[in-house]
1. Scan the chain and note any complete DSSP helix (H) whose C-alpha atoms cover at least 24 Å along its axis and whose Kyte-Doolittle average is 1.0 or more.
2. Pick from Cys131, Cys95, Cys79: which is most flexible by mean-square fluctuation in a GNM of the chain where alpha carbon atoms under 10 Å apart are linked?
3. Going by amide H atoms built from the backbone, whose H comes under 5 Å of the H on Ile144, apart from near neighbours?
4. Heavy-atom accessible area per residue, the stretch 1-112, 1.4 Å probe: how many Å²?
5. Run the dipole for the chain about the Cα centre, Lys and Arg Cβ at +1, Asp and Glu Cβ at -1, nothing else charged, and hand back the magnitude in debye, nearest 20.
6. Here are some pairs, Lys58/Lys122; Lys92/Lys163; Lys57/Lys159; which of them have Cα atoms lying more than 22 Å apart in this structure?
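The values are calculated or read from the model by the stated rules, or taken from the named source; none is laboratory data. The model shown is predicted, which means the values in this text are computed figures rather than measured ones. Here the Cβ positions follow ideal geometry from the backbone for every residue, glycine too, while neighbour counts run over all protein chains shown. Calculation scope for accessible area: heavy atoms of the full protein, side chains included, ligands and nucleic acids excluded. Shrake-Rupley method; radii C 1.70, N 1.55, O 1.52, S 1.80 Å.
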Amino acid sequence: MESFIDLARNRYSCRSYKNQEIPKDLLEKVLEASRVAPSAVNFQPWFFVVISDDSLKKMVSSCYSRNWLESAPIIIVACGNHSQSWRRADGKDHCDIDVAIAIDHLMLAATDYGLATCWVCKFDVMKCSACLELPSHITPIAIIPIGYPNDTVNPNRHKDKRKPLNDLVFWEKFNL
Ligand SMILES: Cc1cc2nc3c(=O)[nH]c(=O)nc-3n(C[C@H](O)[C@H](O)[C@H](O)COP(=O)(O)O)c2cc1C
């Protein structure tokens, strides 16, 4: 079994997928990992719209400017429900944070099962909301393609571009 640190290192953004279906039970296992994610006050203000239908996939993919999105056998629209999320006393809405954690759980589980994913946030939110007929208190936060990676994909494209730990961690005191 792969250690957690190796799993975290092995996740990468995949932008080209094989034309190969994902078995439903495997997809459910991946989704289960998001179900158990933590959330502020355990409010769980997210849901995922899982899309395999070709015409719907095309429609949602058209909210993003790159054609590769459509190559995934499944695309998931991760949505936040702002009427369910926790607001701190200063008014900060924690919805996006909760959705992001759930997405990360899903992505790591997908990696564990040999699947690949990519965050996509640079999309037309209004258009996506209209495609899915979302009410105004629901926001599509990210589109997540999921599938088997094409053999041509380079999993290490960004790995050497990470900041060193020393630039990211301050022990005891902030000292930039
Ligand atoms: C919040 C967020 C939004 C992102 N949006 C996009 C996007 O719209 N399109 C895209 O191709 N990649 C997107 N990415 C992927 C990043 O480019 C990628 O995670 C980063 O370059 C590091 O590469 P890696 O994921 O392969 O380690 C996004 C990532 C995050 C976390």
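1. Helices meeting the span and hydropathy rule in the chain are 95-112.
2. Looking only at Cys131, Cys95, Cys79, the biggest GNM fluctuation is shown by Cys131.
3. Those lying under 5 Å, H to H, from Ile144 are Ile76, Val77, Ala78.
4. Details: 6130 Å² over 112 residues.
Accessible area per residue: 55 Å².
5. Charge dipole of the chain: 520 debye, to the nearest 20.
6. Lys92/Lys163; Lys57/Lys159
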